[in-house]
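Shown next, in structure tokens, is the structure this report addresses.
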């Protein structure tokens, strides 16, 4: 099996410094309290972005999403965007990184006085962690494509756990991933509460039919930055694109399908359930891949 997050292993990662609350630690010495909200409850938000050719990719959009998600769970990030940006730049400088870097930003509600849900027992400022790694996508995933399978685990309603938030509580996505793996698939294609296709467990989903690109309304998936870039590229380059609700049968009658994410960009799909797609006959996927890659040149 392959994954949209497959990468070439890099020995340099053994020695990277990791940021925790303003200090920098060796990878094997980076630790947080067992009373941290992230450990006790998965209480917090996260984001990830790339650093390519000496610059952050879509930094503003990623910070917008991080601060938006934090606000939605009533978590106030005590660092301003400017200060967090400076921390990102500092960790790149300390690690002497130039390109092919992937960074994960984690913000938990902070340390608690006792294992309990209520924010009232939080006794510290939010915990902020930045993990930088040398991660270059494995080109095999682009050549082979992803095999997706529909699963029983769904993307829930906003008033249960808002699926638009990139929260640390990812249990439903983890369970969807496990179910997909047991079915010998690379990722899970998840439904929403009304039986429409919503998204994958870790990437966003698109399909192409009659030279039109389709994706979900976005109501039941994490706010996708790469997803939005693809939608914008379609509009700018006169490629028909529609955000709508759709059922599985529409997908199985599609000409092409692909997934998007901040790490791997655009990854073609070679199979959904028993339906196979030819990677030699996906012109719109290839065109959008070229247009997306050109954004970084």
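Nothing in this text is a laboratory measurement; each read-out follows from the coordinates by a stated rule. Note that the coordinates shown come from a computational prediction; the quantities given were computed from them, not determined experimentally. Please note: Cβ atoms are built from the backbone with ideal geometry, for glycine as well, and neighbour counts cover all protein chains shown.
Of note:
- Modelled FRET efficiency - R0 35 Å, residue 54 with residue 235, Cβ distances, 0.05 increments: 0.75
- Gain in span if fully extended, residue 15 to residue 27, counting 0.36 nm per residue against the direct Cα distance: 3.7 nm
- Shape category assigned to the range 1-98 from the gyration tensor of Cα positions, a/c cut at 1.5: rounded
- The chain - percent relative contact order, Cα under 8 Å, separation 6 or more: 19 percent
- Projected label distance in nm at residue 162 and residue 244, using a 7 Å step from Cα toward the beta-carbon: 2.9 nm
- Between the alpha-carbon centres of the range 24-95 and the range 124-172 there is a gap of 15 Å.
- In plain terms, the residue of 277, 116, 142 with the fewest other Cβ atoms within 10 Å comes first and the most crowded comes last, giving 116, 142, 277.
- Projecting label points 7 angstrom from Cα along Cα→Cβ for residue 78 and residue 252 puts them 5.4 nm apart.
- When 80, 124 are arranged by Cβ crowding within 10 Å, least crowded first, meaning fewest neighbours, the order is 80, 124.
- Relative to the longest principal axis of the Cα atoms of the chain, the long axis of helix 171-182 makes an angle of roughly 50 degrees.
- For the chain, the longest principal axis of the Cα atoms and the long axis of helix 59-72 meet at an angle of about 70 degrees.
- The range 213-243 and the range 1-22 have their alpha-carbon centroids 29 Å apart.
- Cβ crowding within 10 Å ranks 278, 118, 33, 38 as 118, 278, 33, 38, fewest other Cβ atoms first.
- Rounded, prolate or oblate (a/c below 1.5 giving rounded, otherwise prolate when a/b exceeds b/c) for the range 46-177 by Cα gyration tensor: oblate
- Segment residue 276-residue 212, extension gain: residue separation times 0.36 nm, minus the distance between their alpha carbons: 21.1 nm
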